[in-house]
Amino acid sequence: MRFSSFLFIRLNLMKPAKKIYLISQHFPPAALALKLYWYACELQEAGFDVTVITALQPVTGFEDPDYDNFKPSFEIVRLPVKHWGWGGKLLSLAGLPFAEESNWHWAVANYLKRRLQSEPGILLALYPPAASLTGCLQVTKSCGCPVVVDFREPFEPEAKKTSRWHRIEQQIVTNADLVSVSTEQLRADLLRVHGLDQGKVVVTHNGFAGPLPPARVNTFTHSPLRCVYAGGLSKREQPEIFCHAWWILQARHPELARQVHLTFYGLPTRYEKKSLLPLLQEGFLEFSGFVSAGALRRIIATADLGLVALADPVWNQQVPGRIFDYLAHGKPILAALPEGEASAIIKHSGAGIV
């Protein structure tokens, strides 16, 4: 299994066996969600009867056109959910957790309450958002179905957690039958903070999923050197650090700077417009916006170097999935990361420089 054989074995031991509901607000054709499609496919390949429960409208507002080429053989239920928008954001800033996601919480809970009466199964809820987890836990008390919560990233960094966030996290992990996390460090923290049994928390890495395109064998053979950054464009990542590095190189060794071409890919954001675009240089530092998952894989396959950034040290438990994409394509990595599990993977594997 590409995601986690151990997780699937544990799921097989649960009752009622074989029927599983995968709850994720984010799912194709929504952009940046194709790996969740492969996740559902692997569950199906493992022998589960899969039903995906997701939102009707993409949260990001972008859709991946590559999904039109897929013909899923599992059931997908798309729930109509209204997003609170700025009203929810203001309530969240006022200290109300999940205010932006409360409609999704109730949509999940109400649908499962009806569905599970006639067709019980295992509930596999993916974070983010937290409302997927809380919605499932609300109905499990009455239906008695096992709940597996899957943290694709830390629930909230320890440095940013309030007592309220701690209580909510504790309620989620203690009431769930099984907890899946994306890193060993996050597993150790959950065991330590909440006193969970060792066997209750398993690690499911943000690994590569789906077929690989043929990668170019000879790297560093092109001029200029083709570098690719594909990922988040926010304060959490601060990918503009690579632009600053290029401008320093341009000032000190202009002949070398002209041999480097950096292209950034990602969903347009306010942060990108403010912090990245002013640093671009035509022909050397370029922003190409959002591209489909298939197109991005082809771009990575023909690149010389993969770039990854995660600037804020409070997110040192997170491992960007793009690291595994670069590794799967055999691309060396240049990373700007805090000390943590992501940097350790690159250093210990000898896959690049941090």
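The values are calculated or read from the model by the stated rules, or taken from the named source; none is laboratory data. Not measured: the values here are computed from a predicted model. Cβ coordinates were reconstructed from backbone atoms using ideal geometry, including for glycine residues, and neighbour counts include every protein chain displayed.
Sort out which residues of the range 329-354 are touching a Gly at 6+ places or on another chain (Cβ under 8 Å), of a type in the set (A, V, I, L, M, F, W, C) and in contact (Cβ under 8 Å) with a residue 40 or more places away in the chain, and write them in order of number.
334
Among the residues of the range 170-188, which ones are out of contact with any Asp or Glu (no Cβ under 7 Å at 6 or more places or on another chain) and assigned to a helix (DSSP H, G or I)?
Of everything in the range 170-188, those that are out of contact with any Asp or Glu (no Cβ under 7 Å at 6 or more places or on another chain) and assigned to a helix (DSSP H, G or I) turn out to be 170, 171, 172, 173, 174, 175, 186, 187, 188.
On the basis of being surrounded by fewer than 17 Cβ atoms within 10 Å (Cβ to Cβ), modelled with pLDDT under 70 and over 30 Å from residue 289 (Cβ atoms), does residue 90 make the cut?
no
Quick check on the range 267-286: of everything there that is among the aliphatic types (A, V, I, L, M) and in contact (Cβ under 8 Å) with a residue 40 or more places away in the chain, which residue is nearest to residue 309 (Cα to Cα)?
Restricting to residues being among the aliphatic types (A, V, I, L, M) and in contact (Cβ under 8 Å) with a residue 40 or more places away in the chain, the top hit is 276.
Taking the range 297-354 as the region of interest, how many residues are closer than 18 Å to residue 233 by Cα and of a type in the set (D, E, K, R)?
3
Would you call residue 294 in a helix (DSSP H, G or I) and among the small types (Gly, Ala, Ser)?
yes
Exactly one condition in (1) surrounded by fewer than 18 Cβ atoms within 10 Å (Cβ to Cβ); (2) free of Cβ contacts under 8 Å to residues at least 40 places away in the same chain is not met by residue 33; state its number.
All conditions are met except number (1).
Of the residues that sit in the range 238-266 and are in contact (Cβ under 8 Å) with a residue 60 or more places away in the chain and either in contact with a Pro (Cβ under 8 Å, 6 or more places away or on another chain) or in a helix (DSSP H, G or I) (or both), which one is surrounded by the most Cβ atoms within 10 Å (Cβ to Cβ)?
242
Please enumerate the residues belonging to the range 118-130 that are closer than 14 Å to residue 20 by Cα and assigned to a helix (DSSP H, G or I).
If the condition is that a residue be closer than 14 Å to residue 20 by Cα and assigned to a helix (DSSP H, G or I), then 118 is the only one that fits.
Specify the residue that is surrounded by the fewest Cβ atoms within 10 Å (Cβ to Cβ); the eligible residues are those in the range 267-282 that are closer than 25 Å to residue 33 by Cα and of a type outside the set (A, V, I, L, M, F, W, C).
270
For the range 287-328, name all the residues that are of a type in the set (Ser, Thr, Tyr) and either surrounded by fewer than 20 Cβ atoms within 10 Å (Cβ to Cβ) or in contact (Cβ under 8 Å) with a residue 60 or more places away in the chain (or both).
288, 292, 302
If you scan the range 163-196, which residues turn out to be surrounded by fewer than 21 Cβ atoms within 10 Å (Cβ to Cβ), among the small types (Gly, Ala, Ser) and either modelled with pLDDT under 85 or more than 13 Å from residue 317 (Cβ to Cβ) (or both)?
163, 195
Please state which one of 202, 228 is surrounded by 17 or more Cβ atoms within 10 Å (Cβ to Cβ) and at pLDDT below 90.
202
Restricting to the range 131-155, and then to whatever is modelled with pLDDT of 85 or more and in a loop (DSSP other than H, G, I, E, B), can you tell me which residue is nearest to the chain's Cα centre (by Cα)?
146
Mind listing just one residue for me: the one in the range 297-320 that is in contact with a helix residue (DSSP H, G or I) (Cβ under 9 Å, 6 or more places away or on another chain) and polar (S, T, N, Q) and, of those, nearest to residue 186 (Cα to Cα)?
Per the criteria, the residue is 317.
Do you know which residues across the range 119-158 are polar (S, T, N, Q) and either crowded, with 19+ Cβ neighbours inside 10 Å or closer than 18 Å to residue 170 by Cβ (or both)?
Of everything in the range 119-158, those that are polar (S, T, N, Q) and either crowded, with 19+ Cβ neighbours inside 10 Å or closer than 18 Å to residue 170 by Cβ (or both) turn out to be 132, 134, 138, 140.
Residue 333: closer than 28 Å to residue 155 by Cβ, buried (at least 17 other Cβ atoms within 10 Å of the Cβ) and of a type in the set (Val, Ile, Thr), yes or no?
yes
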